[in-house]
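J.: Pasting a structure here, questions to come.
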Amino acid sequence: MTHLTLQSVTKRFGAAHAVDNVDLTIPEGKLVCFLGPSGCGKTTLLRMIAGLEMPTSGAVMFAGRDITHVSANQRDFGMVFQSLALFPHMTVAENIAYPLKLRKTGKSEQAKRVAELLELIQLPHMAERPVTRLSGGQRQRVAIARAIATSPKLLLLDEPLSALDAKLREAMQIEIRLLQQRLGITTIMVTHDQREAMTMADEIVVMERGRIAQVGKPLDIYRDPVSEFVADFIGLGNILPVTNGESGKVRLPGGQQITVANPERVPEASGDIRLLIRPEDVHLQVGAGQGAGESNSVRGTVRFIRDVGASLEATIDCAGFTLTAATTPREVPGLAPGVVVLAALPAQACKLIAARAPQAAA
Ligand code: ATP
């Protein structure tokens, strides 16, 4: 069932479009990430859903009802912001109980719900501790418990993990995701971190300059990005300018022609199309002897190797372009800077995508 629907939602600040004509449905029970670079409109879109910002035009529908003009506190959504906004003079239990108090929930019911939530976030032994004496991760959990105390139908998270260090952040991503799945609460999270979005989301909404660039499951977007912007934003990729070749092939910058998975994407006028191949799809073989001249293989020289133990990334200079290949240190024996390699580019992993639109003059 559709839970939240945005209909042609636009927000202008002066002449600038922060959010431009966005249509979107958020399915019930799922975690959806708004992902994009700074300034693309993620927070503005979330704030309009929260009721903290009024759209210039368009409608916000929730469970079949138009809530565009309903105030934030009447919407009854749970929210966690980057700052967390916990009350520093209160204990853990008092912070969690606060929204229940506002609702004039009875004392015993409050205590029962707080105890339940403390169990849920695995902090029952810290109920009486002032929040100022908690670690970053514990504060994070308290903020989430407070946001879901009144069992809201929608949980909105605005970069809730950005203040945490990398390790704790990754641990909290898993913790929040498991909690969200257990509760089945529809959740929207804003992030500019593609790895975070890939870890947590059922669906990712990639935003570019106030508009939706692509919506889909994380791996679908990774494997089949619709544009250079999306391909570049989601994961590492080799993005090469290509032109029309013969019989459905495309011509690489060095002139070699290769077969691709979706040749129908080659436009009549060449020059504005890119070829995407992810580093893990580039298969290396040391020595360019056998296989040289085979279709979909290019010859190159290893320029640099980044070996971080679990994975290895090789930068390869080919005729007219550079390739990055990802493997494990054990997969390709003899791989070293200066070595000549043959890089196979499997046709099914070579995707044509639309080139990035030129940036409008500021
Ligand atoms: P970040 O990741 O940096 O928070 P974002 O994707 O969340 O970025 P928004 O904060 O939604 O982006 O901002 C979108 C655009 O709207 C930006 O160009 C921003 O400068 C502008 N903007 C946001 N809020 C206001 C405001 N209150 N007044 C004027 N312009 C605003």
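The values are calculated or read from the model by the stated rules, or taken from the named source; none is laboratory data. Note that the structure is predicted; figures quoted are calculated from it, not measured. Cβ atoms come from the backbone with ideal geometry, glycine included; neighbour counts cover every protein chain shown. All accessible areas refer to the heavy atoms of the entire protein, side chains included, with ligands and DNA or RNA removed. Shrake-Rupley method; radii C 1.70, N 1.55, O 1.52, S 1.80 Å.
J.: Does any residue in segment 182-196 that is within 10 Å of residue 35 (Cβ to Cβ) come within less than 9 Å, Cβ to Cβ, of a residue that is among the basic types (Lys, Arg) six or more places away or on a different chain, and which pairs are these?
T.: Close Cβ pairs (under 9 Å, with a partner that is among the basic types (Lys, Arg)) amount to 190/42; 191/42; 192/42; 193/169; 196/169.
J.: Identify the single condition in (1) within 12 Å of the ligand (Cβ to nearest atom); (2) open to solvent by 10 Å² or more (accessible area, probe 1.4 Å) that residue 69 does not satisfy, given that it satisfies every other one.
T.: Here residue 69 clears every test but (1).
J.: Now, a different point. Could you tell me whether any residue of segment 31-54 is touching a residue at least 24 places away in the same chain (Cβ under 8 Å), assigned to a strand (DSSP E or B) and open to solvent by 40 Å² or more (accessible area, probe 1.4 Å)?
T.: No, segment 31-54 has no match at all.
J.: Now a separate question. Does segment 11-24 hold any residues that are under 10 Å from residue 44 (Cβ atoms) and either away from the ligand (no atom under 12 Å from the Cβ) or in contact with a Pro (Cβ under 6 Å, 6 or more places away or on another chain) (or both), and which are they?
T.: Answer for segment 11-24, where residues must be under 10 Å from residue 44 (Cβ atoms) and either away from the ligand (no atom under 12 Å from the Cβ) or in contact with a Pro (Cβ under 6 Å, 6 or more places away or on another chain) (or both): just 11.
J.: Which residues, counting only those in segment 1-30, are basic (Lys, Arg) and part of a strand (DSSP E or B)?
T.: If the condition is that a residue be basic (Lys, Arg) and part of a strand (DSSP E or B), then 11, 12 are the ones that fit.
J.: Another one. Take residue 57 and decide whether it is surrounded by 12 or more Cβ atoms within 10 Å (Cβ to Cβ), of a type in the set (Ser, Thr, Tyr) and either on the phi > 0 side of the Ramachandran plot or assigned by TED's automatic domain parsing to the domain that holds residue 172 (or both).
T.: yes
J.: Select, from 175, 208, 196, the only residue that is within 22 Å of residue 85 (Cβ to Cβ), under 16 Å from the mean Cα position of the chain (by Cα), surrounded by 16 or more Cβ atoms within 10 Å (Cβ to Cβ) and among the acidic types (Asp, Glu).
T.: 196
J.: Need at least 1 residues that are of a type in the set (Lys, Arg) and modelled with pLDDT of 90 or more per element, so show me which strands (runs of 3 or more DSSP E) inside segment 236-317 make the cut, counting only ones lying wholly within it.
T.: In segment 236-317, 273-277, 297-307 are the strands (runs of 3 or more DSSP E) which contain 1 or more residues that are of a type in the set (Lys, Arg) and modelled with pLDDT of 90 or more.
J.: Enumerate the pairs (first residue in segment 94-119 and farther than 16 Å from residue 144 by Cβ; second residue anywhere and among the β-branched types (Val, Ile, Thr)) with beta-carbon separation below 8 Å, excluding pairs fewer than 6 apart on the same chain, so at least 6 apart or on different chains.
T.: Listed pairs, sorted by first residue: 103/150.
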